[in-house]
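Engineer: I am attaching a structure below and will ask some questions about it afterwards.
Just so it is clear, none of the values below were taken in a lab; they were calculated from the coordinates. For clarity, every value in this text was computed on a predicted model and none was experimentally measured. Glycine gets a Cβ as well: all are built from the backbone with ideal geometry, and neighbour counts include every protein chain shown.
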């Protein structure tokens, strides 16, 4: 079994302090990123985000039909995403449409790798 002790001769205290300072500055953003990544760790929620990225907005009934799941099951996942601030909802008459919150569109797109596969998916549909 290998030892996990550090064998450096001298610590670069300037680098260590710089890194600590930078980490402290971006700590809130990292916490938000961790929360969003945690939410996307569920396959159903990831599928929902993918569909919302693709279609811009969907109602729970549409998602239920697409994913072949019950409305309550989809609603439960939507609630978690909404509580996490990743998606938003808008009522139009009796229908509630869900979409990715504007402030998280790029991050969700990056997580999904959407920007790299968008054209490939469109080509397959044609």
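Engineer: Under the rule of -39500 (n - 2.57) per DSSP H run of 4 or more residues, summed and divided by the residues of the chain, what mean residue ellipticity at 222 nm is obtained, to the nearest 500 deg cm²/dmol?
Structural biologist: Helix contribution divided over all residues of the chain: -20500 deg cm²/dmol.
Engineer: Now, a different point. Whole Å is fine, so just give me how far the alpha carbon centre of segment 66-108 lies from that of segment 5-28.
Structural biologist: About 40 Å separates the Cα centre of segment 66-108 from the one of segment 5-28.
Engineer: Using a basic spin-label model with each label point 7 Å from the Cα along Cα→Cβ, how many nm lie between residue 35 and residue 5?
Structural biologist: Each label point is offset 7 Å from its Cα along the Cβ direction, giving 4.2 nm.
Engineer: What does the convex hull of the Cα atoms come to per residue for segment 13-125, in Å³?
Structural biologist: In segment 13-125, the Cα convex hull volume per residue is 124 Å³.
Engineer: A follow-up question, please. What's the exposure ranking of 92, 55, going from fewest to most Cβ atoms within 10 Å?
Structural biologist: Arranged by neighbour count, lowest to highest, 92, 55 become 92, 55.
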